[in-house]
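The values are calculated or read from the model by the stated rules, or taken from the named source; none is laboratory data. Bear in mind that the values here come from a model prediction, so they are computed numbers and not experimental data. As a convention, Cβ positions derive from the backbone with ideal geometry for all residues, glycine included, and neighbour counts pool all protein chains shown. Just the protein is used for accessible areas: all its heavy atoms, side chains included, with ligands, DNA and RNA removed. Shrake-Rupley method; radii C 1.70, N 1.55, O 1.52, S 1.80 Å.
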Amino acid sequence: MDNIPEDFFTRELDAALLSGKADVAVHSAKDLPYPLPEGLELYCLTQAKDKSDSLVSNVNLKLSELPAGARVGTSSSKRKEELLKQRPDLEIVAIRGTIEERIAQVDNGHIDALIVASCALERLGLSWRATEKLPFATHPLQAHLAVVGKAGNATLKNIFTSIDTRRKYGKVTLVGFGPGNPDLLTIKGDKALQAADVIFHDDLIDLEYLNRYEAVKVYVGKRKGRHSHEQDEINEMVYRSAVEGRATVRLKGGDPMLFAHGREEIDFLQSRLVEVEVIPGISSAIALSAYTHIPLTYRGLSSSVAFVTGHSCENLQTPDADTLVYYMGGANIAFIARKLLEAGRDEDTPVALVYGVSQPDQKTFFTNLKELQFSIIKYPTPILVLVGKVVGFENRKPSNMLVTGLTCEEYSGNNEITHTPLIKIQQAAAGCCDLANKIAATDRIIFTSRYGVRFFFELLDEQTIDIRTLTTKKIDSVGHTTTAELKKHHIIPDIEPVTESAEGLLKYYRSIDLKGERILLPRSDKALRSLPDELTQMGNEVTELIVYENKNNHEVERSDLSHIDKIVFTSPSGVDAFKSLYGELPEGKQLIARGLTTLNKL
């Protein structure tokens, strides 16, 4: 049923047309291949009468009356699906042949019933064989006849014009509205909207501007997690509007052919013999370049640009182009940065995040991949992510950054720093009286912060434990900051993940199937449970060693956040301390987290 070539029913007649052995061929319209073979043209689509399916059965039993296990014949996978929805207890049999040959299989008992198009029975004078008409959804071209001939033969085609039902159809026009500013709508797009009877529009369209057009407006927008209609429903609504004779516009933000299902809608409509025109719109990436003055290409700096969808984390692409623009990536910004870093991009690569391109409230955030890998922007979508050296043309002004961790030196760069440490660190009050024994009973030591390293080695000094006792142990670091602290003690870690996070360590441990090891975990009293819990679940023995305590810094005063562009959090407890001091996290700021565990706290 499912592997029949599209031209199975039309191939021989089409060959006769192309060879000149026939002038016209008449097909069941639903059997036409899409697209038609090159050199052929549809001259006419006849008016359909009865588009329903009928049941032909032995002893005139209705569908509901057929016994369980009855054999029902059909050549259509769609009919099989409809049948089994109502009668999952039936056996579906694939059959071929003429209508008379199929009915004969009912009469001779090979099958108990048959599904057939009602119009086919009517044309053969066999309507009396139908037991009942079925309430199934049928092919949109069922009951239509299609007259096909050689392309370009206007004389022959005109013979059939008077009976071509497509004369009553409306045309569908896919129009790109642009990035949102109505001034960027093209003149041709405006003309199509003026002539429209119905406008199907999505989000990112200026609704007040649409009111100038007399057409009926139908909202069919789709945003992440909130779809007014699924794509199949939209296709069907647009198709029905055209078949009912309305001039129909499918209005889309940006350009219809860029991340906008344009080709899907063209195929859906044209395969149902509806005329389609496409009017381009200014894509958001092109508008972004104009409205931010950031060039997408620049001689000697960027000779290639790629537009990429950031909608899904699965199979996210990282093309090898000088400039990248990610669409629909608002929920996955940090993930996009991490993937680009994994693909080899420099962590200092500049990034622009642009919200509301071309709109009065357009806002641009400047950052880089290093910051962005653990960032979140608490700002409405849609937001575009522009990655590449070209961003540097506009990213010249220093950012105003609030750093809430204990140190701020590493963020100085191109930033104006306000340092308000919201937490303070101190050695754990209880200490550890048997550290030497714990080390002796350990195979691997995992450090998840610079402070874990610092206070662990302070304990070694206090208890006069020889650092050489660590030489037989595997030493793992969560990231480069922790590694830098270890190097002060002349230790190079065995493992350091690309992403500075506990999740990065766990990803590595999963890849090597780490189990059966005795693990020592020097950490804070506020550390999260994810790392030790999963290591234990993997079959390891984990000993947690609280070497320092993390306290809120009650001496710090609130800062004026009105001029702040970015806020840096270095730990989950820092996020809690910020909320305790300021209330909720502010909107419209770039929030930068050190590590995935801190990011997940935002």
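What percent does the relative contact order of the range 415-484 come to when contacts are Cα pairs within less than 8 Å and at least six residues apart?
About 40 percent, as a whole number.
When only DSSP loop residues count, what trypsin sites (Lys or Arg not before Pro) in the range 179-255 have their Cβ near at most 12 other Cβ atoms within 10 Å? Walk me through the numbers before you get to the answer.
Details: sites: LYS188, LYS191, ARG212, LYS217, LYS222, ARG223, LYS224, ARG226, ARG240, ARG246, ARG250, LYS252; in loops: ARG212, LYS224, ARG246.
Of the trypsin sites (Lys or Arg not before Pro), the ones in loops of the range 179-255 whose Cβ has at most 12 other Cβ atoms within 10 Å are ARG212, LYS224.
Show me the trypsin sites (Lys or Arg not before Pro) within the range 485-566 that DSSP assigns to loop and that have at most 10 other Cβ atoms within 10 Å of their Cβ.
Here the trypsin sites (Lys or Arg not before Pro) that fit, given the DSSP loop and packing criteria, are ARG529, ARG558.
Could you compute how fast the range 280-322 diffuses translationally, taking Rh as the Kirkwood radius over C-alpha pairs and applying Stokes-Einstein at 4 °C with viscosity 1.567 mPa s? Give it in µm² per second.
Estimated via Stokes-Einstein, D reaches 107 µm²/s.
In whole Å, how far is the Cα centre of the range 462-513 from that of the range 191-249?
Cα centroid of the range 462-513 versus Cα centroid of the range 191-249: 57 Å apart.
Per residue, how much accessible area does the chain have with a 1.4 Å probe, in Å²?
48
I need the semi-axes of the equivalent ellipsoid of the range 502-556: take the C-alpha gyration tensor, multiply each eigenvalue by 5, square-root it, list largest first in whole angstrom.
They are 27, 12, 7 Å, listed from largest to smallest.
Give the lysines reachable from LYS21 as a straight Cα distance under 19 Å; neighbours fewer than 8 places away on the same chain don't count.
Filter leaves LYS150, LYS157.
Add +1 for every Lys or Arg and -1 for every Asp or Glu among the other residues with Cβ under 15 Å from the Cβ of LEU185, and state the total.
Result for the local shell: -1.
Can you give me the Kirkwood hydrodynamic radius for the chain, using every pair of distinct Cα atoms, in Å to one decimal?
By the Kirkwood definition, the hydrodynamic radius is 30.0 Å.
Stretched out fully, how many nm does the piece from ASP232 to LEU585 gain, at 0.36 nm a residue minus the Cα gap?
123.2 nm
Once you have the Cα-Cα distance between ASP494 and LYS49, take 0.36 nm times their residue separation minus that, and quote the gain in nm to one decimal.
152.6 nm
Among rounded, prolate and oblate, which fits the range 35-157 when a ≥ b ≥ c are the square roots of the eigenvalues of its C-alpha gyration tensor, a/c under 1.5 means rounded, and a/b larger than b/c means prolate?
Working: a/c = 2.47, a/b = 2.22, b/c = 1.12.
Since a/c reaches 1.5 and a/b is larger than b/c, the shape of the range 35-157 is classed as prolate.
If you take every residue apart from LEU406 with its C-beta less than 10 Å away from the C-beta of LEU406, what net charge results, scoring Lys and Arg +1 and Asp and Glu -1?
That works out to +2.
Using just the alpha carbons, could you tell me how many Å³ per residue the convex hull of the range 91-142 encloses?
About 102 Å³ per residue, rounded to a whole number.
Work from the charge dipole of the range 384-491 (Cβ charges, +1 for Lys and Arg, -1 for Asp and Glu, about the Cα centre) and give the residue of LEU386, ASN437, TYR411 farthest towards its positive end.
LEU386
Identify all aspartates and glutamates with a Cα-Cα distance to LYS473 below 13 Å; exclude those on the same chain that are fewer than 8 residues away in sequence.
The qualifying aspartates and glutamates are ASP443, ASP494, GLU517.
Using Cα atoms only, what is the angle between the long axis of helix 572-582 and the major principal axis of the chain, expressed in degrees (0 to 90) to the nearest 10?
90
In vacuo Debye scattering of the range 247-316, one point per C-alpha: log10 I(q)/I(0) at q = 0.25, 0.26 Å⁻¹?
Results for the range 247-316 at q = 0.25, 0.26 Å⁻¹ read -1.15, -1.19.
Size of the dipole of the range 150-250 about the Cα centre, Lys and Arg at +1 and Asp and Glu at -1 on the beta carbon, nothing else charged, in debye to 20? It would help to have the intermediate numbers written out before the result.
Values: 17 positive and 14 negative charges, 99 e Å.
Charge dipole, the range 150-250, about its Cα centre: 480 debye, nearest 20.
What does the charge dipole of the chain about its Cα centre add up to, to the nearest 20 debye, if the Cβ of each Lys and Arg holds +1 and the Cβ of each Asp and Glu holds -1?
Working: 71 positive and 82 negative charges, 133 e Å.
Once rounded to the nearest 20, the dipole reads 640 debye.
Taking the chain as the reference, fit the longest principal axis to its C-alpha atoms, fit the long axis of helix 502-511 to the helix C-alpha atoms, and give the angle between the two in degrees, 0 to 90, nearest 10.
Orientation of helix 502-511: about 70 degrees from the principal axis.
Can you tell me the relative contact order of the chain? Whole percent, Cα pairs under 8 Å, sequence separation 6 or more. Walk me through the numbers on the way to the answer.
Values: 1160 pairs, mean separation 59.6, N = 602.
Rounded, it is 10 percent for the chain.
From the helices alone, meaning DSSP H stretches of at least four residues, give me the mean residue ellipticity at 222 nm for the chain, per-run term -39500 (n - 2.57), in deg cm²/dmol to the nearest 500.
Computed ellipticity for the chain at 222 nm equals -7000 deg cm²/dmol.
Under a Cβ-Cβ cut-off of 11 Å, what is the net charge of the residues other than TYR509 that fall near it, where Lys and Arg count +1 and Asp and Glu count -1?
-1
Please report, to one decimal in angstroms, the Kirkwood hydrodynamic radius of the range 296-400 built from all distinct Cα-Cα pairs.
Details: mean 1/r = 0.0726 Å⁻¹.
Mean inverse Cα-Cα distance, inverted, gives 13.8 Å.
From the convex hull of the Cα coordinates of the range 138-212, what is the mean projected area in square nanometres?
Computed as one quarter of the Cα hull surface, the answer is 8.2 nm².
Can you give me the angle between helix 333-342 and the longest principal axis of the chain, using Cα atoms only, in degrees from 0 to 90, rounded to the nearest 10?
Once rounded, one gets 80 degrees.
How far is the Cα center of the range 327-387 from the Cα center of the range 523-592, in Å?
Measuring centre to centre over Cα atoms gives 23 Å.
Using θ = phi - 60° and the Karplus relation 6.51 cos²θ - 1.76 cosθ + 1.60, list the HN-Hα couplings for the range 356-366 in order, rounded to whole Hz, with x at every Gly or Pro.
Values, residue by residue: x, 3, 6, 8, x, 9, 3, 9, 10, 10, 10 Hz.
Can you flag which of LYS397/LYS424; LYS389/LYS601; LYS80/LYS133; LYS30/LYS80; LYS378/LYS551 are past 25 Å Cα-Cα?
On the way: LYS397/LYS424 32 Å; LYS389/LYS601 31 Å; LYS80/LYS133 16 Å; LYS30/LYS80 17 Å; LYS378/LYS551 27 Å.
Going by Cα-Cα distance, LYS397/LYS424; LYS389/LYS601; LYS378/LYS551 fall outside the 25 Å limit.
Any idea what the alpha-carbon Rg over 2.2 N^0.38 Å comes to for the range 404-563?
For the range 404-563, the normalised Cα radius of gyration is 1.12.
Put HIS311, HIS489 in order of accessible area, largest first, 1.4 Å probe: what do you get? Don't skip to the end; give the middle numbers.
Numbers: HIS311 100, HIS489 55 Å².
Most to least solvent-accessible, the answer reads HIS311, HIS489.
I'd like to know which of ALA16, LEU460, PRO360 lies farthest towards the positive end of the charge dipole of the chain, counting +1 on Cβ of Lys and Arg and -1 on Cβ of Asp and Glu.
ALA16
Based on the Kirkwood radius over alpha-carbon pairs, what is the Stokes-Einstein translational diffusion coefficient of the range 338-434 at 37 °C with 0.692 mPa s viscosity, in µm²/s?
206
Please list, by residue number, every one of the GluC sites (Glu not before Pro) in the range 242-317 that is coil in DSSP and has at most 13 other beta-carbon atoms within 10 Å.
GLU244, GLU275, GLU314
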